[in-house]
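A short worksheet on the structure shown next.
The values are calculated or read from the model by the stated rules, or taken from the named source; none is laboratory data. Values in this document were obtained by computation on a predicted structure and should not be read as measured data. For neighbour counting, all protein chains shown are included, and Cβ atoms are generated from backbone atoms with ideal geometry for every residue, glycine included.
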Amino acid sequence: MLSSHKKNVIYISIGVIILLGLYLLKNTNYFLRISTFLFSIILFYFADVFFNLKFKNHHYLILIVISAAGILFSSLYFISSDYDKVLHLISPFMISILIFFLVNTTNLKFSTKLLVTFAIVVMFLSLFEIIEFFLDQFFDLKLQGVFLRDISGISKLGIVMDRNDDTMIDLILGTVGSAIFVGYKTIVFHLNKSKKKRM
């Protein structure tokens with residue numbers, strides 16, 4: 001029988017694999033993007049059922065939003081230079097909700113749960129950027145840097161943001177997004193605590 005700690009490590013590892021798979025397939029053709037989008041939801045569902053994670057309906061909605069924005073609408077990466085940056089701010093906030101739900105099942109103190117959630121999300125961000133670097137080195141997928149297509153959408157224009165600047169801004173925005181989640185949860189926690197004291 002697995003201990004609760006080992007189960008939590010397995011849950012988090014599955015989450016990393018799912019998110020990594022989604023991210024790596026963002027630049028593929030539309031049919032593959034639709035297939036990957038549907039597969040991500042099915043995989044999330046089976047992981048939820050198999051490991052008895054007990055995700056709620058709003059967690060599925062969060063996954064759908066993340067998958068749709070990152071996979072189905074990935075062509076927007078090459079139309080608007082701001083699209084990628086908005087996602088790097090919002091997605092870590094939403095991912096933090098999913099991670100915190102899993103971490104919250106542990107017996108850690110509330111502040112430690114937030115710290116672990118924040119650390120895991122920042123780890124995800126760093127891991128994605130490292131993988132982007134290696135994929136660009138070996139396959140030139142242009143995952144790092146910001147590129148825009150011309151009006152016809154056939155060819156990419158030259159790079160509009162340096163690869164290093166893009167990586168650092170992505171990491172900063174992702175860290176800020178996760179930090180906003182931590183701040184939000186902290187405020188809600190203390191408001192609920194003070195409300196209980198007044199009752």
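Summary of values
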| read-out | value |
| --- | --- |
| Out of Leu22, Leu63, sole residue that is under 19 Å from Phe128 (Cα atoms), in contact with a Phe, Trp or Tyr (Cβ under 9 Å, 6 or more places away or on another chain), assigned to a helix (DSSP H, G or I) and modelled with pLDDT of 90 or more | Leu63 |
| Out of Ile71, Ile64, sole residue that is crowded, with 19+ Cβ neighbours inside 10 Å and of a type outside the set (Lys, Arg) | Ile71 |
| In the range 164-199, residue modelled with the highest pLDDT [restricted to those that are under 14 Å from Ser81 (Cβ atoms) and not hydrophobic (A, V, I, L, M, F, W, C)] | Asp170 |
| The range 90-111 residues that are without any contact (Cβ under 8 Å) to a residue 24 or more places away in the chain and more than 16 Å from Lys54 (Cα to Cα), paired with ones that are surrounded by fewer than 21 Cβ atoms within 10 Å (Cβ to Cβ) and of a type in the set (A, V, I, L, M) (beta carbon under 9 Å, 6 or more apart) | Leu108/Leu115; Leu108/Val116 |
| Which numbered condition Lys54 fails, given (1) among the basic types (Lys, Arg); (2) loosely packed, with under 13 Cβ neighbours inside 10 Å; (3) not in a loop (DSSP other than H, G, I, E, B) | (3) |
| Meets criteria (under 12 Å from Ser178 (Cα atoms) and part of a helix (DSSP H, G or I)) for Ile99 | yes |
| Odd one out for Asp136, checked against (1) assigned to a helix (DSSP H, G or I); (2) within 26 Å of Val49 (Cα to Cα); (3) free of Cβ contacts under 8 Å to residues at least 40 places away in the same chain | (2) |
| Filter result for Asp48 (closer than 17 Å to Asp170 by Cα, modelled with pLDDT under 95 and of a type outside the set (Ser, Thr, Tyr)) | no |
| Residue match in the range 130-141 (condition: within 14 Å of Val182 (Cβ to Cβ) and of a type in the set (A, V, I, L, M, F, W, C)) | no |
| Meets criteria (closer than 27 Å to Asp165 by Cα, modelled with pLDDT of 95 or more and surrounded by 17 or more Cβ atoms within 10 Å (Cβ to Cβ)) for Val146 | no |
| Any hit, the range 107-124, residues being more than 30 Å from His190 (Cα to Cα) and at pLDDT below 95 | no |
| Pairs, first β-branched (Val, Ile, Thr) in the range 162-182, second surrounded by 15 or more Cβ atoms within 10 Å (Cβ to Cβ) and not in a helix (DSSP H, G or I), C-beta under 9 Å, six or more apart | Thr167/Gln144; Thr167/Gly145; Ile169/Met161 |
| Of all residues making up the range 66-88, the number that are assigned to a helix (DSSP H, G or I), closer than 16 Å to Gly174 by Cβ and not aromatic (Phe, Trp, Tyr) | 8 |
